[in-house]
Amino acid sequence: MNLPRRVKMVEVAPRDGLQNEPNPVAVAVKVGLIDRLTAAGLPVIESGSFVSPKWVPQMAATAEVMEAITKRPGVSYPVLTPNMQGLEAALAAGVNEVAVFAAASESFSRKNINCSIAESLERFAPVIDRARAAGVRVRGYVSCVLGCPYEGAIAPPAVVQVAAKLAAMGCYEISLGDTVGTGTPGRAQALIEAVAARLPVEMLAAHFHDTYGQALANLLAVLEKGVAVIDSSVAGLGGCPYAKGAAGNVASEDVLYMLNGLGIETGVDLDRLIDAGAFISQTLGKPSGSKVARACKG
């Protein structure tokens with residue numbers, strides 16, 4: 001297999017994972033999770049979202065979280081900033097990276113952020129410009145890249161169009177999200193081939209949910225196509241409130257175990273990662289969604 005020598009793991013549990021929890025999670029718990037993830041050696045930890053607490057109450061205290069975490073030099077702690085108000089709050093909190101998100105499905109875009117894909121990109125343009133002018137990097141997310149809860153399968157050209165526009169607007173990295181987890185390895189590879197025909201594969205990240213149990217297989221398939229950035233969530237936390245039945249993200253522990261087995265470097269410590277997952281799982285009162293964590297702790 002032709003695989004990358006090193007993979008950058010992007011941990012999304014503090015934002016993408018916890019925003020889906022039904023009950024509020026205390027600031028101290030969020031800080032404890034992020035600090036444990038930092039100690040595990042993760043290079044990127046998505047730490048919150050500056051969105052209206054009316055829509056995402058779990059992210060209401062992101063500014064407090066950003067102030068309280070112990071930041072390690074060289075580690076990025078990005079936050080989601082869907083609009084200018086959110087960006088200004090993020091800049092005031094001293095963030096070093098922000099993210100914006102669009103969809104490859106018109107139906108999902110309207111259900112999720114109440115506007116068309118084109119309108120969402122128009123809204124992001126000034127946000128991206130302002131962030132870059134402030135010296136802050138911007139990551140772009142594209143959701144529903146392999147399937148949509150309303151439209152079914154999504155054709156690769158639709159994804160290419162959105163990804164290319166986000167890149168042209170100034171996003172340094174594009175995370176391709178299988179939001180409902182319906183993708184399979186062959187389709188995942190075809191998607192990467194299509195997007196990589198327009199953008200450097202080095203710009204692409206894989207963000208795969210495990211609804212149908214295909215996430216690890218899909219990740220291995222896109223690693224073979226040159227993708228070297230993987231989004232994952234410790235203990236498999238997360239899902240999507242707008243995608244009925246969508247399971248959590250692929251568990252970071254399971255991804256790391258696979259990468260270790262392939263001899264791919266990450267700089268992440270598996271034991272410490274398992275400990276971080278155990279901490280948040282126990283706090284939430286639910287079993288870990290990671291098979292590796294359950295096997296090692298069992």
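The values are calculated or read from the model by the stated rules, or taken from the named source; none is laboratory data. These figures come from a predicted structure and were not determined experimentally. Ideal geometry is used to build each Cβ from the backbone, glycine not excepted, and the neighbour counts take in all protein chains shown.
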Quiz item: (1) touching a residue at least 40 places away in the same chain (Cβ under 8 Å); (2) more than 16 Å from the chain's Cα centre (by Cα): which one isn't true of GLU173, the others all being true?
Solution: (2)
Quiz item: Which is touching a residue at least 60 places away in the same chain (Cβ under 8 Å), touching a helix residue (DSSP H, G or I) at 6+ places or on another chain (Cβ under 7 Å) and within 11 Å of SER233 (Cβ to Cβ), of ALA40, ALA13?
Solution: ALA13
Quiz item: Could you list, in sequence order, the residues of segment 90-108 that are surrounded by 18 or more Cβ atoms within 10 Å (Cβ to Cβ), at pLDDT below 95 and either over 17 Å from THR179 (Cβ atoms) or among the polar types (S, T, N, Q) (or both)?
Solution: SER105
Quiz item: Any idea which of GLY152, GLY186 is surrounded by fewer than 17 Cβ atoms within 10 Å (Cβ to Cβ) and closer than 26 Å to LEU3 by Cα?
Solution: GLY186
Quiz item: How many of the residues in segment 249-270 are touching a residue at least 60 places away in the same chain (Cβ under 8 Å) and of a type in the set (Gly, Ala, Ser)?
Solution: 2
Quiz item: Pick from segment 47-68 the residues that are assigned to a loop (DSSP other than H, G, I, E, B) and either surrounded by fewer than 22 Cβ atoms within 10 Å (Cβ to Cβ) or hydroxyl-bearing (Ser, Thr, Tyr) (or both): which of them is farthest from the chain's Cα centre (by Cα)?
Solution: LYS54
Quiz item: Are there any pairs, at least 6 apart or on different chains, whose C-beta atoms fall under 6 Å, with the first in segment 271-283 and farther than 14 Å from GLY236 by Cβ and the second among the basic types (Lys, Arg) and in a helix (DSSP H, G or I), and if so, which?
Solution: PHE279/ARG36
Exercise. Check segment 58-73 and report whether any residue there is touching an Asp or Glu at 6+ places or on another chain (Cβ under 9 Å), β-branched (Val, Ile, Thr), in contact (Cβ under 8 Å) with a residue 12 or more places away in the chain and more than 20 Å from ASP35 (Cβ to Cβ).
Key: no
Quiz item: What's the number of the condition GLU265 fails, among (1) of a type outside the set (S, T, N, Q); (2) crowded, with 18+ Cβ neighbours inside 10 Å; (3) under 24 Å from ASN2 (Cα atoms); (4) touching a strand residue (DSSP E or B) at 6+ places or on another chain (Cβ under 6 Å)?
Solution: (2)
Self-check item: LEU166 being buried (at least 16 other Cβ atoms within 10 Å of the Cβ), at pLDDT 95 or above, under 21 Å from ASP16 (Cβ atoms) and aliphatic (A, V, I, L, M)
Solution: yes
Quiz item: Of all residues in segment 145-163 being among the β-branched types (Val, Ile, Thr) and not in a loop (DSSP other than H, G, I, E, B), which is farthest from LEU80 (Cα to Cα)?
Solution: VAL160
Exercise. Consider GLU64 carefully, then state whether it is modelled with pLDDT of 90 or more and over 27 Å from THR266 (Cα atoms).
Key: yes
Quiz item: Could you list, in sequence order, the residues of segment 70-89 that are surrounded by fewer than 21 Cβ atoms within 10 Å (Cβ to Cβ) and either among the β-branched types (Val, Ile, Thr) or outside any helix (DSSP H, G or I) (or both)?
Solution: THR70, LYS71, ARG72, PRO73, GLY74, VAL75, SER76, ASN83
Quiz item: Which one is surrounded by the most Cβ atoms within 10 Å (Cβ to Cβ) among residues in segment 109-144 that are assigned to a loop (DSSP other than H, G, I, E, B) and in contact with a strand residue (DSSP E or B) (Cβ under 9 Å, 6 or more places away or on another chain)?
Solution: CYS144
